[in-house]
Amino acid sequence: MTGKVWSYITDKLEREGALHMSLLDPDPLKMTTERVVELAKLAEAAGSDAIMIGGSTAFGIIDESVKAITEAVEIPAILFPGNLTGVSKHADAMFFMSLLNSTNPYWIIGAQALAAANVRIIGIEAIPMAYLLVAPGKTAAWVGDAKVFPREKPKIALMYALAAELLGFKLVYLEAGSGAEGNGVPPEMITTVSQYVDIPLIVGGGFNDSKSVTNAVNAGASIVVQGTYLEKNVLEDKGAGLKDIVKALKKAGAKRV
Ligand code: 1GP
């Protein structure tokens, strides 16, 4: 794995200790292309390190939004596909994900096998990522037939994250589900996993303020993802709140460098 985006992530992690990623779901039921582009620009201006594009429910074709985002921002636009519909040749890279705690092989290897030839042909950089769902798991857990990790069982998450590393995944993502407000990935689980797992740990789902984001970094997360926060606040305050959150995250990250 020596792609440009992977190098960007690992170099920046080495220098800054922690990264922020902004998740945008270009779902036409709630978002226009113009709005998604505006959000991406404000996220970049606020200091977010990358734009992730995707979601568990897929409506419409993402190509147009992905193209418009990559034209509007310098930071990498990385696909976060919920299914085959989440692939676009316009992105800078994609998280090539396997939902390891799904009970349905389709989400572990079926969708990936169906997408692989297309991914190879379009030549997009694929970054292998283990995707692990923690309760409540929200829509992602429902769609992905996941056996979510109980919140008070960090060792179960650790077992899966370690297995992911040994299987060769480059990143492991602990996901509480988009909109898991007040129920993000528990800090104890982040600590347990990051203590024993060497690949970078991404966390997401329910991180809605500086405190929860810095707590996650202090607990050992390398990358924190925010989606709902952006949708709810960034257009209204022109990214001022997000800028504070990213600043707090970088301060917490700097302690780990
Ligand atoms: C969802 O982890 C991401 O896949 C983001 O979650 O929308 O709660 O920030 P939020």
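Relative contact order of region 4-254: 20 percent, from C-alpha pairs under 8 Å at least 6 residues apart in sequence. Comparing 167, 230, 84 in a Gaussian network model of the chain (Cα springs below 10 Å), the most mobile by mean-square fluctuation is 167.
Between the residues 110, 162, 142, the greatest Cα displacement towards the positive end of the dipole of the chain, with unit charges on the Cβ of Lys, Arg, Asp and Glu, is found for 162. Taking the Cα centre of the chain as reference, the dipole from Cβ charges on Lys and Arg (+1) and Asp and Glu (-1) amounts to some 500 debye.
Within the accessible surface of region 4-254, defined with a 1.4 Å probe on protein heavy atoms only, the carbon and sulfur portion equals 56 percent. Full extension of the chain between residue 64 and residue 84 gives 5.6 nm of extra length, using 0.36 nm per residue less the Cα-Cα distance. At a probe radius of 1.4 angstrom, the accessible area of region 4-254 per residue rounds to 43 square angstrom. Among 176, 46, 116, the residue with the largest mean-square fluctuation in a Gaussian network model of the chain, with springs joining Cα atoms closer than 10 Å, is 116.
For residue 153, a cut-off of 15 angstrom between C-alpha atoms picks up these aspartates and glutamates, skipping any fewer than 8 places away in its own chain: 175, 188. Taking 100, 114, 132 as the candidate residues, the one with maximal mean-square fluctuation in a Gaussian network model of the chain, Cα springs under 10 Å, is 114. Going by the alpha-carbon gyration tensor, a ≥ b ≥ c the square roots of its eigenvalues, is region 17-98 rounded (a/c under 1.5) or, if a/c is not under 1.5, prolate (a/b greater than b/c) versus oblate? Oblate is the answer for region 17-98, as a/c is 1.5 or above yet b/c matches or exceeds a/b. Straightening the chain between residue 106 and residue 256 buys 50.2 nm, computed as 0.36 nm per residue apart minus the Cα-Cα spacing.
Spin-label model, residue 29 to residue 237: label points 7 Å out along the Cα-to-beta-carbon direction sit 2.9 nm apart. Note on the chain: percent of Cα-Cα distances in each 10 Å bin, starting at 0 and stopping at the bin with the largest distance, equals 8, 34, 41, 17, 1.
Pairs to check: 12/170; 67/238; 30/238; 89/243; 41/67. Give those whose C-alpha atoms are more than 25 Å from each other in this structure.
Correct reply: 89/243.
The values are calculated or read from the model by the stated rules, or taken from the named source; none is laboratory data. Since the structure is predicted, the reported quantities are computational estimates derived from the model, not experimental observations. Positions of Cβ are generated from backbone atoms using ideal geometry, with glycine treated the same way; all protein chains shown enter the neighbour counts. Side chains included, ligands, DNA and RNA excluded: accessible areas come from the protein's heavy atoms. Shrake-Rupley method; radii C 1.70, N 1.55, O 1.52, S 1.80 Å.
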